[in-house]
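The values are calculated or read from the model by the stated rules, or taken from the named source; none is laboratory data. All of these numbers come straight from a predicted model, not from anything done at the bench. Quick reminder, even Gly has a Cβ in these numbers, built from the backbone with ideal geometry, and neighbours come from all protein chains shown.
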Amino acid sequence: MHCMARIELPDGDQLDVLKAFALRPELAAGASAFDQAVWASTLDWRLHELVRMRVAQINDCTVCLSWRTPQALEAGIDEELLANVHRADEVEGFTPAERVAIEYAARFCTDSARIDDGLLARLGEHFDSGEIVELTLVIGKYLALGRFMQVLGLDQTCALSFDDQGSLVTNG
């Protein structure tokens, strides 16, 4: 099955996203290093997945919406929480830390210039400065790469598969 890429890609049997990265291998190496650093995040996997899902909803990234982080599933994340992540402040089951992190992710993706000191102070009630840096970079990675795939049409019909370490499996 082929995606409907919106740019001309090299021929081959690889996923379209990998073909796109092959057009600029030096940038692909940087994106891969960023992806690996986010994968090594020390944030709780449940929180990581909730934030990732909120970004996926905002990006409307087909792949991101359908994929689940294996570690988050092992940590007990469930489909009901993921389905309601956009309503975390209205639905039970989210911790106060998760609620503010999800709000931060949404604001970061939609109105970052208006993130005020009050929101950062509320984040600081649950996360230390290093964790806020980490959370911000995790959100940034999913925002950037999700939009990369969505805008260039690299996500619309492909199903990506990842191994337990987060590496892309290309034989599917």
(request) Report, ordered by the first and then the second residue, all pairs with beta carbons closer than 9 Å, sequence separation of six or more or different chains, a first member in segment 59-76 that is within 25 Å of Ala5 (Cα to Cα), and a second member that is among the hydroxyl-bearing types (Ser, Thr, Tyr). (result) Asn59/Tyr142; Cys61/Tyr142; Thr62/Thr157; Cys64/Tyr142; Trp67/Ser161
(message) Considering only residues that are under 14 Å from Gln57 (Cα atoms) and among the aliphatic types (A, V, I, L, M), which ones fall in segment 106-148?
(response) Ala106, Ile139, Leu143, Ala144, Leu145
(message) Condition check: within 20 Å of Val151 (Cα to Cα) and assigned to a helix (DSSP H, G or I). Does Gln36 satisfy that?
(response) no
(request) Of all residues in segment 110-135, count the ones that are of a type outside the set (A, V, I, L, M), buried (at least 17 other Cβ atoms within 10 Å of the Cβ) and under 18 Å from the mean Cα position of the chain (by Cα). (result) 2
(request) Please find, within segment 27-47, the residue that is surrounded by the most Cβ atoms within 10 Å (Cβ to Cβ) out of those that are in contact with a helix residue (DSSP H, G or I) (Cβ under 8 Å, 6 or more places away or on another chain) and under 24 Å from Phe94 (Cα atoms). (result) Leu47
(request) Taking the options Ala20, Ala28, Ala113, name whichever one is touching a Phe, Trp or Tyr at 6+ places or on another chain (Cβ under 6 Å) and part of a helix (DSSP H, G or I). (result) Ala28
(message) Checking Asp128 against (1) under 20 Å from Asp35 (Cβ atoms); (2) at pLDDT 95 or above: exactly one of these is not met. Which one?
(response) (1)
(message) Need pairs with beta-carbon distance below 8 Å; first residue farther than 23 Å from Leu27 by Cα and within segment 127-155, second surrounded by 20 or more Cβ atoms within 10 Å (Cβ to Cβ) and modelled with pLDDT of 95 or more; sequence gap 6+ or separate chains.
(response) Phe127/Ala101; Phe127/Leu135; Ile132/Leu123
